[in-house]
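Asks: The structure that follows is given in the form of structure tokens.
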Amino acid sequence: MALRTLIAGLMCGTVLGFALANPVAAQVRVVNYNIAGLNGNPAALQDVFAALAADDKPGFAVAPHVYVFQEVHDSDVAPLLILLNASAPPGVAYSQGTYTNNNENAASGAQAMFYRADTLSEDVTGHADIYTQASRYADRWKLQLAGYSSPAAGFYIYSAHLKASNSSADANTRLTGATAIRNNADALPAGTHVIYAGDFNVYHNGEAAYLKYLSTGNAQGFDPLGTGSWAGSANAIKHTQAPCAAGCSLVGGGMDDRFDHQLSTAAFQDGEGLSLIPGTYRSFGNDGNHYDQAINTGNNTYYPGDITRSNALAADLYVASDHIPVVADYQLPAVMSATMVSDFDRIIEGASLVLTVSIANAADVLVSAGADELDYVAVASGALTGTAEGSVAALFPPAMPSFPVDTSSVGSVSGAVEVTSTSQAVQDTSILLPTDGTVVRHANASYSSVQNEDVLNITQTMEPDTGVQAVNVNLYNLDYDNLQAALDVDAIDGLSAPFGLPGALPTNIGAGAGIIPLSIDTTGLSAGTYTANLNVQVSDEDLPGEMTATMSLILEIQIGAAAVPGDVNCDGVLTLGDVETFVDVLLELDATACHVQRADFDQSTVIDGLDIPSLVDIFLN
């Protein structure tokens, strides 16, 4: 298929897409690839790009985040971007990095970089052209991980296509080019993350240009495959050229050279922050069994458990270019997440309470090795005490340290836990988790609103066969204010017929009285006294540190005996005490059921001044 025909089809949507899983933001996959000026088979090249997105050789598959290409002519840039996006999984799109061409078309073309904008951004001020001789320029791009603010979450990537051929003059030209690249990189700040990628055209591990990349200095490069020889069949797994052996439209000769490299500085080798994931550097599609042969001779075993898949990839690589891609995966810096998973509003004085903090590594990766571990220290302050430290790997359960709350004093309390991390390039180096609440006193149950009364004896007289009569009992939370727990009545023990509990027990008693709705059913009762000795179970409201208590309540109900007129205090005799009780009821200081009933002389259900004449008449007569 001609390239122009393929591109036209892609732009019109006539070329079938590739069935790949939805992409997931993950560790950074970097690919360098000499695409031979798009002079290979474009359909096969598109298949190679799709296969790179699906490559699970290291145990996970993710669409590459950065491509750097060599031998890219002016006219190749737009078609190359179309091919990348046509082969990308749903949701993945590539952006073109800064492209410059310094009259390099006649020297095989220039360098090009494409990146995923969902993961990276280009700082165009970081772009540079470095002359490497033979009418060729290396390019430098500066990229920053999306979602990370630390400069250490960014890196420079160089792409170079050094002079080809194996004469001593060619080797010297390559050394001059490598020296220019190193001089540029060595001028960057110490500790900068740098990737050196491209078609270096070096023939052996002792060549000066290769050694220049590895020489000591500010931006010394390191080879993930080690510095040993890559010559011969024993090192065939390292080779990147040429996938075609003979009869090729591009350079042939079989897989016997390691021209393509992806080296990186010490900052990528330390396992901290943005770093190379060990074991992920690979020559894509090379199974190590095709030394000096075409990559598709016989069976290819790049995917040992899937020969069909391996052979299909090898067939595409055979005609896509005269090089194969180099791929490496790099871990992301940690992302710190910290939340207060337990909090409090109110707590009772002296209660034991700890607040728990969840500390997680929220780096968005496919496998745990895809992100640096999160090293954290959590320090409490204010009403919270304690210190915790540790490490959390991505995709692992969060750390859950707990911090005690000081509840020794009543009043408002506040505190905080500050979680900090020194992990390299970590996103969110410090998270402050404030909290506040109120320490309150225990509730104070009393039958009186003015003093402590834990025992109450109620005596009343009722006529028989008058149905169910209410015997309501007031209960107070003595001295209640906003620094005291509310009061709950939990149970009444000892109730039996004819006594009953027709309503719900009061809860959350604060400033007002809670009414315990007791009753007696007078139906069919014989004359006499009916007694209930009750235990009233009370507690603080449902707060940490709540306590329970038992109060005594005695009901003595006389059935059948006529009440003494004016006996407001229900003691069976008429005394000045009845006047005092009447006054308390009138002033709403006494809400005892029998007292209220006896004080209502005019049967109006309201105790007021109209009841006074009746009480006076009784005492005068």
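Asks: Answer with yes or no whether G500 is over 51 Å from the mean Cα position of the chain (by Cα), at positive phi and modelled with pLDDT of 95 or more.
Replies: No: the conditions fail for G500.
Asks: If you go through region 396-419 one residue at a time, do you hit one that is hydrophobic (A, V, I, L, M, F, W, C), within 30 Å of A267 (Cα to Cα) and either out of contact with any strand residue (DSSP E or B) (no Cβ under 6 Å at 6 or more places or on another chain) or free of Cβ contacts under 8 Å to residues at least 40 places away in the same chain (or both)?
Replies: yes
Asks: Which of the residues that make up region 17-48 are small (G, A, S) and modelled with pLDDT under 95?
Replies: G17, A19, A21, A25, A26
Residue-by-condition table, conditions (1) modelled with pLDDT of 95 or more; (2) in contact with a Gly (Cβ under 8 Å, 6 or more places away or on another chain):
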site: G390; (1), (2): yes, no
site: V426; (1), (2): yes, yes
site: Q460; (1), (2): no, no
site: Y476; (1), (2): yes, yes
site: D479; (1), (2): yes, no
site: D490; (1), (2): yes, no
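Asks: Related question: Quick one: how many residues across region 458-478 are open to solvent by 20 Å² or more (accessible area, probe 1.4 Å) and at negative phi?
Replies: Number satisfying all stated conditions: 11.
Asks: A further question follows. Just checking, which of A86, A185, A171, A112 is in a strand (DSSP E or B), on the phi < 0 side of the Ramachandran plot and open to solvent by less than 40 Å² (accessible area, probe 1.4 Å)?
Replies: Going through A86, A185, A171, A112 in turn, the sole match is A112.
Asks: So how many residues does region 158-194 have that are of a type in the set (V, I, T) and over 30 Å from S430 (Cα atoms)?
Replies: Qualifying residue count, region 158-194: 4.
Asks: Which of the residues that make up region 367-393 are open to solvent by 60 Å² or more (accessible area, probe 1.4 Å) and not polar (S, T, N, Q)?
Replies: Once the filter is applied, which keeps residues that are open to solvent by 60 Å² or more (accessible area, probe 1.4 Å) and not polar (S, T, N, Q), region 367-393 yields E373, V379, G382, E389.
Asks: Look through region 316-362, keep the residues that are within 22 Å of the chain's Cα centre (by Cα) and small (G, A, S), and return whichever of them is farthest from L145 (Cα to Cα).
Replies: If we take residues in region 316-362 being within 22 Å of the chain's Cα centre (by Cα) and small (G, A, S), then S342 is farthest from L145 (Cα to Cα).
One line per residue, one yes/no per condition, for (1) in contact (Cβ under 8 Å) with a residue 24 or more places away in the chain; (2) under 19 Å from Y281 (Cα atoms):
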{"site": "V202", "(1), (2)": "yes, yes"}
{"site": "A209", "(1), (2)": "yes, no"}
{"site": "N218", "(1), (2)": "yes, no"}
{"site": "G226", "(1), (2)": "no, yes"}
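Asks: Out of all the residues in region 323-332, which are surrounded by fewer than 24 Cβ atoms within 10 Å (Cβ to Cβ) and either of a type in the set (G, A, S) or in a loop (DSSP other than H, G, I, E, B) (or both)?
Replies: Hit for region 323-332 is A328, nothing else.
Asks: Additional query: Can you tell me which residue in region 440-457 is most open to solvent (accessible area, probe 1.4 Å), limited to those that are among the aliphatic types (A, V, I, L, M) and either part of a strand (DSSP E or B) or within 13 Å of V538 (Cβ to Cβ) (or both)? Break it down into steps so the answer makes sense when it comes.
Replies: First, pick out the residues of region 440-457 that are among the aliphatic types (A, V, I, L, M): 440, 443, 445, 450, 455-456.
Within this subset, residues satisfying the condition of being either part of a strand (DSSP E or B) or within 13 Å of V538 (Cβ to Cβ) (or both) are 440, 443, 445, 455-456.
On the way: V440: 0, A443: 24, A445: 14, V455: 93, L456: 37 Å².
Top of the filtered list is V455.
Asks: Could you tell me which of the residues T507, T523 is touching a Gly at 6+ places or on another chain (Cβ under 7 Å), outside any strand (DSSP E or B), open to solvent by 20 Å² or more (accessible area, probe 1.4 Å) and not charged (D, E, K, R)?
Replies: None of the others qualify; the one that does is T523.
Asks: Return the pair list, or none, for Cβ contacts closer than 7 Å from residues in region 166-189 that are more than 24 Å from K142 (Cβ to Cβ) to residues that are open to solvent by 20 Å² or more (accessible area, probe 1.4 Å) and in a helix (DSSP H, G or I), at least 6 apart or on different chains.
Replies: Within 7 Å, the pairs are A171/A208; L175/A208; L175/K212.
Asks: State whether one or more residues within region 42-58 are open to solvent by 20 Å² or more (accessible area, probe 1.4 Å) and in contact with a Ser or Thr (Cβ under 6 Å, 6 or more places away or on another chain). Before the answer, list the steps.
Replies: Start the filter on region 42-58 by keeping residues that are open to solvent by 20 Å² or more (accessible area, probe 1.4 Å), which leaves 43, 47, 51, 54, 56-58.
Then drop every residue that is not in contact with a Ser or Thr (Cβ under 6 Å, 6 or more places away or on another chain), which leaves 58.
Yes.
Asks: Would you confirm whether any residue within region 284-294 is within 19 Å of Y210 (Cα to Cα) and touching a helix residue (DSSP H, G or I) at 6+ places or on another chain (Cβ under 7 Å)?
Replies: no
Asks: Please find, among T240, T265, T227, the residue that is crowded, with 19+ Cβ neighbours inside 10 Å and either over 16 Å from D199 (Cα atoms) or of a type in the set (G, A, S) (or both).
Replies: Answer to the check: T265.
Asks: Looking only at region 428-437, count every residue that is of a type in the set (S, T, N, Q), surrounded by fewer than 17 Cβ atoms within 10 Å (Cβ to Cβ) and in contact (Cβ under 8 Å) with a residue 24 or more places away in the chain and tell me the total. Explain how you work it out, then say what you get.
Replies: Going residue by residue through region 428-437, those that are of a type in the set (S, T, N, Q) are 429-430, 435.
Still in the running and surrounded by fewer than 17 Cβ atoms within 10 Å (Cβ to Cβ): 429-430.
With the extra rule that they be in contact (Cβ under 8 Å) with a residue 24 or more places away in the chain, the set shrinks to 429.
Residues that pass the stated criteria total 1.
Asks: Just to check your reading of the model, which residue among S121, S95, S135 is assigned to a loop (DSSP other than H, G, I, E, B), without any contact (Cβ under 8 Å) to a residue 40 or more places away in the chain and either among the small types (G, A, S) or open to solvent by 40 Å² or more (accessible area, probe 1.4 Å) (or both)?
Replies: The conditions single out S135.
Asks: So, one more: Got at least one residue in region 246-262 being open to solvent by 10 Å² or more (accessible area, probe 1.4 Å), among the acidic types (D, E) and within 39 Å of the chain's Cα centre (by Cα)?
Replies: Checked against the condition, which is being open to solvent by 10 Å² or more (accessible area, probe 1.4 Å), among the acidic types (D, E) and within 39 Å of the chain's Cα centre (by Cα), region 246-262 yields no hits at all.
Asks: State yes or no: is G126 of a type outside the set (V, I, T), touching a helix residue (DSSP H, G or I) at 6+ places or on another chain (Cβ under 7 Å) and either without any contact (Cβ under 8 Å) to a residue 40 or more places away in the chain or surrounded by 21 or more Cβ atoms within 10 Å (Cβ to Cβ) (or both)?
Replies: Spelling it out, it is not the case that G126 is of a type outside the set (V, I, T), touching a helix residue (DSSP H, G or I) at 6+ places or on another chain (Cβ under 7 Å) and either without any contact (Cβ under 8 Å) to a residue 40 or more places away in the chain or surrounded by 21 or more Cβ atoms within 10 Å (Cβ to Cβ) (or both).
Asks: For residues in region 479-492 being open to solvent by 30 Å² or more (accessible area, probe 1.4 Å) and outside any strand (DSSP E or B), which is nearest to V450 (Cα to Cα)?
Replies: Filtering first and then ranking leaves D479.
Asks: In region 394-427, which residues are open to solvent by 70 Å² or more (accessible area, probe 1.4 Å) and either within 17 Å of A371 (Cα to Cα) or small (G, A, S) (or both)?
Replies: Within region 394-427, L395, F396, P397, S408, S409, S412, S414, T422 meet the criteria.
The values are calculated or read from the model by the stated rules, or taken from the named source; none is laboratory data. Please read all numbers here as calculations on a predicted model, not as lab measurements. In this analysis, Cβ positions are derived from the backbone assuming ideal geometry, glycine residues included, and neighbour counts consider all displayed protein chains. Quick note on the areas: whole protein, heavy atoms, side chains included, nothing else; ligands and nucleic acids left out. Shrake-Rupley method; radii C 1.70, N 1.55, O 1.52, S 1.80 Å.
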